[in-house]
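One structure below.
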Amino acid sequence: MTKVLVVDDDALVASSVAAYLTQAGHDARTATDAVEGERTWRTWEPDAVVLDVLLPGSSGLEMLTRRRRDGDATPVLLLSGLASADDRVVGLEHGADDYVTKPFDARELVLRVEALLRRGPFDVQHAPVRLEVSGLVLDGAARTATYRGRVAELTPREFALLSFLAQRPGHPFGRRELLRRVWGWTFGDDSTVMVHIRRLRTKLEEDPARPELVVNLRGTGYALMAEGVPAGELADAADRTEVVS
């Protein structure tokens with residue numbers, strides 16, 4: 001039975017979400033503040049966390065940042081009353097995996113938690129032990145990437161995403177396709193793909209604003225640039241089933 005921690009300062013919301021999760025066959029526990037939530041997270045070691053952004057004492061984002069800094073990769077779904085695109089991106093940049101705004105349908109929330117619990121079809125364990133392509137060196141054992149002398153330690157999801165693209169150099173993928181093939185989600189906020197791409201660029205590119213490794217081919221998708229192949233040729237040969245802005 002998978003364990004899901006629900007942290008929300010509204011006890012009614014927390015208990016309601018936990019009840020739906022329990023009904024779906026999960027072991028759910030609740031916490032109503034950051035101190036209790038973080039303590040339960042550390043000691044109970046849940047398989048996923050549903051975390052409210054606004055909590056008394058310390059925000060959910062601050063708690064999430066601390067856990068990610070400690071190397072905790074537990075999937076996290078953020079709850080928030082803030083619905084703007086910028087708010088979602090901020091949440092994802094703090095390390096969240098998905099973002100749901102209030103009010104929400106509890107049944108949909110359970111489905112999204114279960115999507116987080118499922119491993120994607122391409123994950124770190126499927127990555128090669130060592131891969132060299134387009135000047136990029138990926139080390140699966142150390143989960144590091146080296147590009148033009150810059151060495152970066154990557155999170156499991158960052159490594160999975162970069163490995164997926166590196167095994168298909170020059171082939172562009174839209175956000176929804178990457179969400180399905182790397183995250184294993186058939187629905188969810190595809191802003192998380194953009195955020196992970198941004199993190200990879202920050203860690204590896206000399207100038208993240210002018211990326212040369214992971215590029216966005218307008219109207220086609222994200223691709224790991226193949227050496228010696230002009231972007232125009234890639235765009236002409238690409239599958240145009242999905243537009244990426």
Radius 10 Å from Cβ of A14, net charge of other residues (Lys, Arg +1; Asp, Glu -1): -3
Going by alpha carbons, how many degrees (0 to 90, nearest 10) lie between the helix axis of 11-23 and the longest principal axis of the chain? 70 degrees
Dipole magnitude of segment 1-86 about its Cα centre, charges +1 at Lys/Arg Cβ and -1 at Asp/Glu Cβ only, in debye to the nearest 20? 240 debye
In debye to the nearest 20, how big a dipole does the chain give about its Cα centre with +1 on each Lys and Arg Cβ and -1 on each Asp and Glu Cβ? 460 debye
For segment 1-53, with the dipole built from +1 on Lys and Arg beta-carbon atoms and -1 on Asp and Glu ones, taken about the Cα centre, which of W44, Q23, M1 lies farthest toward the positive end? M1
Report the per residue volume, in Å³, of the convex hull enclosing the C-alpha atoms of segment 58-118. 80 Å³
With a 1.4 Å probe and all protein chains left in place, how much of the accessible area of the chain comes from carbon and sulfur atoms, in whole percent? 49 percent
Report, for the chain, the % of DSSP beta bridges that are antiparallel, rounded to 5. 50 percent
On C-alpha positions alone, give me the angle between the axis of helix 60-69 and the longest principal axis of the chain, in degrees, nearest 10. 50 degrees
So for segment 140-188, what percent of the C-alpha to C-alpha distances run longer than 12 Å? 66 percent
Take peptides 10-20, 212-222 and line them up by average Cβ neighbours within 10 Å, highest first, as a rough protection proxy. 212-222, 10-20
Residue-wise HN-Hα coupling along segment 104-116, computed from phi with Karplus coefficients 6.51, -1.76, 1.60 (Hz; x: Gly, Pro): 9, 8, 4, 5, 5, 4, 4, 4, 6, 5, 5, 5, 5
Computed [θ] at 222 nm, deg cm²/dmol, the chain (DSSP H ≥ 4; -39,500 (n - 2.57); rounded to nearest 500): -11000 deg cm²/dmol
Amide H proximity to L54 below 5 Å, modelled H, separation 5+ or other chain, gives G60
Any chance you could list P(r) for the chain, counting all Cα-Cα pairs in 5 angstrom bins from zero, rounded to whole %? 1, 6, 13, 17, 18, 15, 11, 9, 6, 3, 1, 0
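The values are calculated or read from the model by the stated rules, or taken from the named source; none is laboratory data. Since this is a predicted model, take the numbers as computed values, not measurements. A quick note on method: Cβ atoms are made from the backbone with ideal geometry, for glycine too, and the neighbour counts reach across all protein chains shown. Note: areas computed on protein heavy atoms with side chains; ligands, DNA, RNA excluded. Shrake-Rupley method; radii C 1.70, N 1.55, O 1.52, S 1.80 Å.
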